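A.B. asks: Provided herewith is a single structure, encoded as structure tokens, for subsequent inquiry.
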Amino acid sequence: MTDPEAWDLYIKGGVDIAAPTVANWETPDQTRQLLEQWARWTTEDSRLRAVTEPSHFDLFPESGKLGVIIHFQNAAPLGDDLDNYRRFYDLGLRMVQLCYNFANRLGDGCLSREDGPLTSFGRQSIQEMNRLGIVVDLSHTGRRTTFDAMEVASAPPVFSHSNPGALCPHRRNIDDHQIKAVAELGGLVGVVTFPPLVKPGGKGGTVADLVNHIDYLVDLIGPDQVGLGLDFCETSPEFMAEMIGSGGWTVEDYPPDTDPRLLDLTSPTDIPNIRQELIRRGYPATAIEGILGQNWINLFKNVWAGGTGS
């Protein structure tokens, strides 16, 4: 979502609010610059509106507007200084994923060789996020670290974009125990569209396959704690090859010959196809609205209102 041309596609696709990944591996100084850039965009671009407080959700839907919730897909950009959580909160940060595939100062990633624990610094980081009102995201984080994090968390955590491993046994997906544990804490699981996480082998995946994951989650934890975490980025085969070459991804987990998008979800303008599939399967209107966004709104309101914000 760093491409301004993509914002129009989300708006045309009926998206009111999105949570772009603003940082992954950047240094704290680089991350501050990215946050300042997003602050300029949400202030100066008439299409965007920053969403940082519970009351901001009441402004949507608003024609031609896209709300932005700042999300980091790794805690590494916050560095070793806990004060950065407050500094970046003041610049709009509202959700942080603990790890991205591999280990960092907080714990292990889901692709780490060792299934290590949450570290002492990880505990302190979660406590600070809870204090401020930043959502703790457990996607792509090691299994043991996720359970440790759920024991520490005083506010509902989430798996922002992870699918049930029972349907697609991929190391970046999650098992039933993780799903039930986060739901018991009042958290949420968002389904992700990346084909290798949707369908074994990663080829030929469709919206129907994605909604199979929604069905599974609803059967397991109910419709009120299931949402969308589409992770729908401008990923290209070239970018995938670059990431594999750098060691950030592995061929096992990111097959280089796999299309990074579902067959019938190639653009944000195709997102309404998810609603149509839910309708076709007989989901009640209230459940559909929850899965498509209201469940996320309820969670953000809850966590943000429970933080001190400073």
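A.B. asks: Considering all alpha-carbon pairs of the range 63-142, what whole percent are spaced by more than 21 angstrom?
C.D. replies: 26
A.B. asks: Rounded to the nearest 0.05, what FRET efficiency do Ala241 and Gln37 have when you use their Cβ-Cβ distance and R0 = 30 Å?
C.D. replies: Approximately 0.65, to the nearest 0.05.
A.B. asks: Same structure again: Whose amide H sits under 5 Å from the amide H of Val135, counting only residues 5 or more places off or on another chain, with H placed in the peptide plane?
C.D. replies: Excluding prolines and chain starts, which carry no amide H, the hits are Met95, Val96.
A.B. asks: Moving to a separate point now. Quantify, in whole percent, the carbon and sulfur part of the accessible surface of the range 187-250 (1.4 Å probe; protein heavy atoms only).
C.D. replies: Answer for the range 187-250: carbon and sulfur cover 55 percent of the accessible area.
A.B. asks: Throw me the Rg/Rh for the range 156-304, computed over C-alpha atoms with Kirkwood Rh, two decimals.
C.D. replies: 0.97
A.B. asks: What are the ³J(HN,Hα) couplings of the range 132-144, residue after residue, when phi is run through the Karplus curve with 6.51, -1.76, 1.60 and θ = phi - 60°? Round to Hz, x for glycine and proline.
C.D. replies: Going residue by residue, I get 6, x, 9, 5, 8, 9, 9, 4, 6, 9, x, 4, 5 Hz, with x marking Gly and Pro.
A.B. asks: Can you tell me what the convex hull of the Cα atoms of the chain projects to on average, as an area in nm²?
C.D. replies: 14.1
A.B. asks: Each residue of the range 71-77 in turn: what ³J(HN,Hα) in whole Hz from Karplus with 6.51, -1.76, 1.60 and θ = phi - 60°, glycine and Pro shown as x?
C.D. replies: Running phi through 6.51 cos²θ - 1.76 cosθ + 1.60 with θ = phi - 60° gives 10, 9, 9, 4, 8, 4, x Hz.
A.B. asks: Pull up the cross-link candidates among the lysines for Lys180, meaning alpha carbon to alpha carbon under 24 Å and not fewer than 8 places away within one chain.
C.D. replies: Partners found: Lys199, Lys301.
A.B. asks: Then there's this: List the trypsin sites (Lys or Arg not before Pro) within the range 220-310 that fall in a DSSP loop (any state other than H, G, I, E or B) and whose Cβ has at most 14 other Cβ atoms within 10 Å.
C.D. replies: Arg281
A.B. asks: Still on this structure, please answer the following. For a quick check: with amide H placed at 1.01 Å from N, whose amide H comes under 5 Å from Leu66's, ignoring anything fewer than 5 positions away on the same chain?
C.D. replies: Those lying under 5 Å, H to H, from Leu66 are Leu48, Arg49.
A.B. asks: If packing is taken as the average count of other Cβ atoms within 10 Å, what order do 142-152, 18-28, 110-120 fall into, highest mean first?
C.D. replies: Sorting 142-152, 18-28, 110-120 by mean packing, highest first, produces 142-152, 18-28, 110-120.
A.B. asks: Counting only heavy atoms of the protein chains, get the accessible area per residue of the range 170-300 (1.4 Å probe) and round it to a whole Å² value.
C.D. replies: Here the per-residue accessible area is 42 Å².
A.B. asks: Mind listing the long-range amide H neighbours of Glu53? Cut-off is under 5 Å, sequence gap 5 or more, other chains count too, H placed in the peptide plane at 1.01 Å from N.
C.D. replies: Amide H neighbours of Glu53, under 5 Å, 5+ apart: none.
A.B. asks: Separate question: Name the residues of the range 217-232 whose amide N is less than 19 Å from a point 7 angstrom out from the Cα of Ala208 along the C-beta direction?
C.D. replies: Flagged as within label range: 217.
A.B. asks: Right, another one. Helix-derived [θ] at 222 nm for the chain: sum -39500 (n - 2.57) over DSSP H runs of at least 4, divide by residue count, nearest 500?
C.D. replies: -11500 deg cm²/dmol, from helical runs alone.
The values are calculated or read from the model by the stated rules, or taken from the named source; none is laboratory data. Note that the structure is predicted; figures quoted are calculated from it, not measured. We place every Cβ from the backbone using ideal geometry, glycine too, and count neighbours over all the protein chains shown. These area figures cover heavy atoms from the full protein model, side chains too; ligands, DNA and RNA do not enter into them. Shrake-Rupley method; radii C 1.70, N 1.55, O 1.52, S 1.80 Å.
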